[in-house]
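**Q** Right, I'll just put the structure down here and ask away after.
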Amino acid sequence: MLRIGNVHLLYAIRFFQHLIPAYVIERLFWEQRGMTIQMVVYAEMIFAATIVLSELPTGIIADKWGRKRLIVVTALMGCLEFLILVFATEFWHFALVVFLAAIGNAATSGAETALLYDTLLAERREREFEKILGRLNALDIAATILAALSGSLLADRFGFEFNYWLSLGAMAVSLFLTAALAEPVQESRKPERPIPIGEYVTTSLRFFRSNPGVALVLLSGMTMGAAVNYVDEFWQTHLDRLGIPVVLFGVFSAGIFLLRLPGSLFAYKLLERFGTRPMLLTILGAMTVSFAWLAWSRDYDGLAALFLVSLFAGMIEPIASGYLQHRIGSDMRATMGSFQSLGENAVLMLSGLGFGYYSSQYDIFGGFGFIAAMCGAFLLFFAFSSRNLIERGASG
């Protein structure tokens, strides 16, 4: 009963946490409230730095004191974000919002997957992890599409602020649902002695050193996750360069996320058929070709590359996260999940330097070219380094 309750609650929580009509007009709303482009860049830097600094501590806290508490914190932070944004007029208001968003993001990154896996483990159904995680991702994609399509219409009719009140309502529902989650049985067992934070870090690093295959799979997930982020953040700029009118942006946004559904839903099936290493090689190859295509093309055919990235993006998290979760113990599950999120944000920050430089030199196409080179270099590294390190099956 515990497994069924938690899984269905997580489905509903994911849906409402992504049913956010504010996101489709976010930049316009911020500009309306006085946020210049430079101010937005500063805010994004605050977000990234906070994520990197808080990922590991929140993962450790989740392992020491329970996953549910961290998931509740995430929902509470989400409510505070939109409540502040409704009345925000100064830069420090927006800076506080991105700080809270980063804390909430870090709090849930390891805790949610850990709670899901331990819930399934309690019922001896841990082999279903990739399938259920894929369904969770599919639900948040569906909610994002619904919010994008309806949000632009609602904002046009009722104004930007109306979307933020609706988003606050969705996050409030999510907060209510998180309170009903139950800690899996494994989490009720307290350690005989308090485990120092330094021991968590040392144990985690030792685990990666003794399991190079897991480290390599996670590194591939971090690299590809960071690459996909540049499509999520700059597809609007790409469409603008092609002369596509803004009125069609909502349709493109829905299409980009809709294409991620098959990968999220069926990654576990493909994993069972082909294995981890062939799947990662295929996705890395597709990412390299797609970003090279985006860099080279100055015409509408580049949209096909944009859609190709989205098609493969949905497979990344179920494969990488599943490979990790099947190979770690419950007492370190959230901490190790936070390592994965921390690493992706670190790769994102480092690659951002190159992306920003080449975008300033050759517009957005130069930035995509840099990401293509990054993916291509990692593809070669992964192809040679992963031999005999990565097990075929998801569960090992």
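**Q** Test each condition in (1) open to solvent by less than 20 Å² (accessible area, probe 1.4 Å); (2) over 22 Å from Leu9 (Cα atoms); (3) at pLDDT 90 or above; (4) under 21 Å from the mean Cα position of the chain (by Cα) for Ala88 and report the one that comes out false.
**A** The single condition Ala88 does not satisfy is (4).
**Q** Just a yes or no: is a residue in segment 27-45 in a helix (DSSP H, G or I), in contact with a helix residue (DSSP H, G or I) (Cβ under 6 Å, 6 or more places away or on another chain), at pLDDT below 85 and among the β-branched types (Val, Ile, Thr)?
**A** There is no residue in segment 27-45 that is in a helix (DSSP H, G or I), in contact with a helix residue (DSSP H, G or I) (Cβ under 6 Å, 6 or more places away or on another chain), at pLDDT below 85 and among the β-branched types (Val, Ile, Thr).
**Q** Looking for something aromatic (Phe, Trp, Tyr) and over 24 Å from Thr276 (Cβ atoms) - is there at least one such residue anywhere in segment 75-90?
**A** There is at least one residue in segment 75-90 that is aromatic (Phe, Trp, Tyr) and over 24 Å from Thr276 (Cβ atoms).
**Q** Right, something else. Have a look at Ala95, Ala102, Ala88 and point out the one that is under 14 Å from Leu53 (Cα atoms) and hydrophobic (A, V, I, L, M, F, W, C).
**A** Of Ala95, Ala102, Ala88, the one residue that is under 14 Å from Leu53 (Cα atoms) and hydrophobic (A, V, I, L, M, F, W, C) is Ala102.
**Q** Quick check on segment 143-165: of everything there that is closer than 22 Å to Ala75 by Cα and polar (S, T, N, Q), which residue is most open to solvent (accessible area, probe 1.4 Å)?
**A** The selected residue is Thr144.
**Q** Counting only residues that are in a helix (DSSP H, G or I) and exposed (fewer than 15 other Cβ atoms within 10 Å of the Cβ), which one in segment 166-193 is modelled with the lowest pLDDT?
**A** If we take residues in segment 166-193 being in a helix (DSSP H, G or I) and exposed (fewer than 15 other Cβ atoms within 10 Å of the Cβ), then Ser188 is modelled with the lowest pLDDT.
**Q** Please find, among Ala305, Ala292, Ala313, Ala286, the residue that is open to solvent by 40 Å² or more (accessible area, probe 1.4 Å) and of a type in the set (Gly, Ala, Ser).
**A** Residue meeting the stated conditions: Ala292.
**Q** Looking at Ile328, Ile316, which is the one that is out of contact with any Cys (no Cβ under 6 Å at 6 or more places or on another chain), assigned to a helix (DSSP H, G or I) and in contact (Cβ under 8 Å) with a residue 24 or more places away in the chain?
**A** One residue alone meets the criteria, Ile316.
**Q** Let me ask you something else. Which of (1) over 25 Å from Leu116 (Cα atoms); (2) open to solvent by less than 50 Å² (accessible area, probe 1.4 Å); (3) at pLDDT 85 or above; (4) of a type in the set (Val, Ile, Thr) is the odd one out, the single condition Ile244 does not satisfy?
**A** Condition not satisfied by Ile244: (3).
**Q** Here's something else I'd like to know. Looking at segment 112-139 only, could you name the residues that are under 15 Å from Glu272 (Cα atoms) and of a type in the set (Asp, Glu)?
**A** Glu126, Glu128, Glu130
**Q** Any idea how many residues of segment 125-142 are under 19 Å from Ala254 (Cβ atoms) and surrounded by fewer than 20 Cβ atoms within 10 Å (Cβ to Cβ)?
**A** The total comes to 1.
The values are calculated or read from the model by the stated rules, or taken from the named source; none is laboratory data. This one's a predicted model, so the numbers in the text were calculated from it and none came from an experiment. Because the Cβ atoms are built from the backbone with ideal geometry, glycine has one as well, and the counts that use them run over all protein chains shown. Ligands, DNA and RNA are excluded from the accessible area calculation, which covers all protein heavy atoms including side chains. Shrake-Rupley method; radii C 1.70, N 1.55, O 1.52, S 1.80 Å.
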